[in-house]
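The values are calculated or read from the model by the stated rules, or taken from the named source; none is laboratory data. Bear in mind that the values here come from a model prediction, so they are computed numbers and not experimental data. Positions of Cβ are backbone-derived with ideal geometry, glycine not excepted, and every protein chain shown enters the neighbour counts.
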Amino acid sequence: MKQVPESPAPKAGSAKLSKAARRQQLLAVALVIVREEGADSLTLGHLAARAGVSKPIPYEHFGTRAGLLAELYKSLDQQQVTALRAALQGVQQNLGETADVLATAYIHCAADTSGEIYAVGAALSGSEEMGAVHQELLAGYVQLFAAALAPHSPLPPDELHRRCVGLVGAGEALSLLMVGGQCRESDAAATFSALIRGGVQALSSTRNDQK
C-alpha cells in the first residue's frame, strides 16, 4: 500500500485547483519530500518551491511547520485505518481469526509506509500538536480494536477498552521494532496476534480473586 504516487501533483500554473484539491496536492508533495530528503527538510517554504506555488499558500493551509507535519501524520494514519477497516470486512468466525487479521493488517500498514509516519512523528516529537494528534489517533485505534474484538471476548466493555489501550501500545512498539530492522514483518505480526488472543480471552486472575 503506497499511499501517494511517486510523481508530484500538478503545479499551480497547470490547473486551477479547489482548496481541498490544493491541500491534497501539498500533502502529496510533502510526502515526496519526506521520502526523498527526510522529514527535517520539510518546511513550508521548501514545500511551496517543490509544489510550484507561491510561499503564502502552504501557510494558508497549515499555518506552521508543525501544523503541516501534524496534517501529514494524520493523512498517513488515515490511510492505515482505511486499510485496517478493509481487512476487517471479511467474516471472522472466532477470536483467533480476528486477532490474525488485526495483527497482520496493523503491522503491514507500518511496513508499507517504509517508516515515513514514524519519521514525521519524530519531527513532531515534543510539540503540542503531536501530543494532541497522537492521543486522538490512538483513541481511534482503541475503539476499532474494541469493536472488532468485543464479539469474541467475555470481558466487560470497560475492561476490554483498557486492554485494547495496552494492545495498541504493543502494536506500536512491535511496528517500530520491525521498521528498525530488528525483526521480520511476519514475526511482528505473529507476536502481536498472540498478544491480542491472550489479552482479551478472560478476566485477570486478580480481578477474579476480588469477586
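So the values come out like this:
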quantity	calculated
Which numbered condition D187 misses (of (1) modelled with pLDDT under 90; (2) over 21 Å from Q92 (Cβ atoms); (3) surrounded by fewer than 18 Cβ atoms within 10 Å (Cβ to Cβ))	(1)
Output for the range 152-161, where each listed residue is free of Cβ contacts under 8 Å to residues at least 40 places away in the same chain and either exposed (fewer than 13 other Cβ atoms within 10 Å of the Cβ) or polar (S, T, N, Q) (or both)	P156, P157, D158
Residue in the range 82-90 that is in a loop (DSSP other than H, G, I, E, B) and touching a residue at least 40 places away in the same chain (Cβ under 8 Å) present	yes
Selected residue (criterion: surrounded by the fewest Cβ atoms within 10 Å (Cβ to Cβ)) from residues of the range 109-151 that are in a helix (DSSP H, G or I) and among the polar types (S, T, N, Q)	Q135
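This table checks each residue for (1) assigned by TED's automatic domain parsing to the domain that holds H152; (2) within 21 Å of the chain's Cα centre (by Cα); (3) among the acidic types (D, E).
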residue	(1), (2), (3)
L26	no, yes, no
G38	no, yes, no
L47	no, no, no
G52	no, no, no
K74	yes, yes, no
Q78	yes, yes, no
Q89	yes, yes, no
E97	yes, no, yes
